[in-house]
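A short reminder: the numbers here are calculations on the coordinates, not readings from a lab. No experiment lies behind these values; they were computed from the predicted model shown. For neighbour counting, all protein chains shown are included, and Cβ atoms are generated from backbone atoms with ideal geometry for every residue, glycine included.
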DNA sequence: CGAACCTTTGAGCGTCCTCAACCTGCGTGG
DNA sequence: CCACGCAGGTTGAGGACGCTCAAAGGTTCG
């Protein structure tokens, strides 16, 4: 469904009901579908950005680098997620975004988005809501890193990704395809890749979840959620605030 | 200045230029000034919220609780900051907000904010921008906790708060009044209060900064910024994206 | 077939935690 | 007016969690 030509308006529709005239207005957007290769740096940290993206296929991650060369991944983006929304609002991006797989995305120009706020006020609310959800996820990551053990962090992240993918029809309760490496998990969770490896082994030995060959498989989801004290409320995608 | 009756419109003006008619529209808002006592829980986690606040005096913090009773402070709010903006967008708050001092704040009703998006489109952009800045700060906290040592974290937090307060005319380059306890710092930085204490002692002994009796004093700000690899770019409050 | 990337395992160590105790300042009530 | 309680700060001792360094096996892709 997300691959359809109007993925953009469809995405916005999940956040706010758009009228016929809203849609006409949005149709004036300069949008183009773009592809990126795995490893491509789609948005550069510290650089002015002229466009955001709506991911239609593939995975990306947003991250910040430290002077010592360490990396902190702030969030992963999966199909249906916006990408670089914050960058265009702040004008220069405070983070980088890298394609983790081959990617298909709609490019949306900053100028169009800002203009649309005056022409399609409901769209502002929709974008704002998307932005609020992003922030909620980052806040949950903060809790994850700040107050949970390595095992809980890994479990929580695997569950979050599963829940988010399920919302867009990828994977199911038993698992999902996952292109991340243990290094990615480490950079997202504030751990070393080596320790992530040990934790994954332990989770596997406990019969909770396996992370292997690009596939996450939940062996015992209930117990895993228990270990991670996972509550998917912060991912809520329903009940938009505007009619 | 923030204590003036129109602190709300003044705040919005820092994000977008508002016309005369914009201001007339905003004047229709149901706003009222409210006071809260230290320790009061202004917004409850998991509860539907009908209003947000603009802090005009005092400090607050937004946080999330874990089932084990641990707390993760997501951000501190100082005068001039919005409070609960994300809560009203998501309808039910994913975090709690507590008054750390006696507080004065303008209450803004959710319905007014959402209505205003259609009547004053520029306001949507302004709110969105404020929200993006919030998210940028949370992301920086994530980096702080995820990839920096305890000493760097403490140094970074003290510098961030100083920079933010300076933007609203509180304190100066040499220091600022700070009502936080070491427990607050610990909960914000993912550390134990005891370790925060040791780190503060070390920073003091190194002649970098002192944290004592509600006062933060920078003894050697340059070296402190160096230790924390602090770069205030993410706090940028200038250059709003809309004329 | 080699090279790059990813995963796995071991050993040793350091940061930061927990538990425990004591101190200080301050507000409250007997 | 002093006694007490309590919040916040300080210090010590011991231990655990997660890191670094090191090395080797597995996979994938040009």
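Angle of helix A:193-205 to the longest C-alpha principal axis of chain A, folded into 0 to 90 degrees and rounded to 10: 70°. How many nanometers, to one decimal and shortest first, lie between the label point of residue B:32 and those of its other copies, if labels sit 7 Å from Cα toward Cβ? For residue B:32, the other copies' label points sit at 5.5 nm, shortest first. Shape descriptor for segment B:148-235: Rg over Rh equals 0.92 (Cα atoms; Rh from the Kirkwood inverse mean 1/r). Within 10 Å of the Cβ of each residue in B:85-94, the mean number of Cβ atoms contributed by other protein chains is 6. Rounded to the nearest 10 degrees, the inclination of helix B:150-167 to the longest alpha-carbon principal axis of chain B is 40 degrees. Footprinting exposure proxy ranking of B:178, B:61, fewest other C-beta atoms within 10 angstrom first, gives B:61, B:178. When A:183, A:15 are sorted by how many other C-beta atoms sit within 10 angstrom of their C-beta, beginning with the fewest, the order is A:183, A:15. Kindly express, to the nearest 10 degrees and within the range 0 to 90, the angle between helix A:110-119's C-alpha long axis and the longest C-alpha principal axis of chain A. That works out to roughly 60 degrees.
Taking the centroid of alpha carbons for each part, segment B:87-152 and segment A:126-146 are 11 Å apart.
Remark: chain A projects, on average over all directions, an area of 12.8 nm² (convex hull of Cα atoms).
Mean partner shielding of peptide B:115-127, defined as the number of other chain Cβ atoms within 10 Å of each residue Cβ, is 5. Going from the fewest other Cβ atoms within 10 Å to the most, the residues A:229, A:21 appear in the order A:21, A:229.
In this assembly of identical copies, the label point of residue B:20 (Cα plus 7 Å along Cα-to-Cβ) is separated from its counterparts by 3.8 nm, sorted shortest first. Rounded to the nearest 500, what is the 222 nm mean residue ellipticity of chain A from helices alone, with -39500 (n - 2.57) per DSSP H run of 4+ residues and division by all residues? About -13500 deg cm²/dmol.
Convex hull of alpha carbon positions in segment B:7-141: directionally averaged projected area 7.8 nm². Take each residue in A:145-157, count the other chain C-beta atoms within 10 Å of its C-beta, and the mean is 3. Compared with the rule-of-thumb size 2.2 N^0.38 Å for a compact globular protein, segment B:49-108 has a Cα radius of gyration ratio of 1.10. Across the identical copies, the label point of residue A:44 (7 Å from Cα in the Cβ direction) is separated from its matches by 5.1 nm, in order from shortest.
Is segment A:98-167 rounded, prolate or oblate when judged by the Cα gyration tensor, a ≥ b ≥ c being the square roots of its eigenvalues, rounded requiring a/c under 1.5 and prolate requiring a/b larger than b/c? Prolate.
According to the square roots a ≥ b ≥ c of the eigenvalues of the Cα gyration tensor, what is the shape class of the protein assembly as shown, taking rounded for a/c under 1.5, prolate for a/b larger than b/c otherwise, and oblate for the remainder? Oblate, since a/c reaches 1.5 and b/c is not below a/b.
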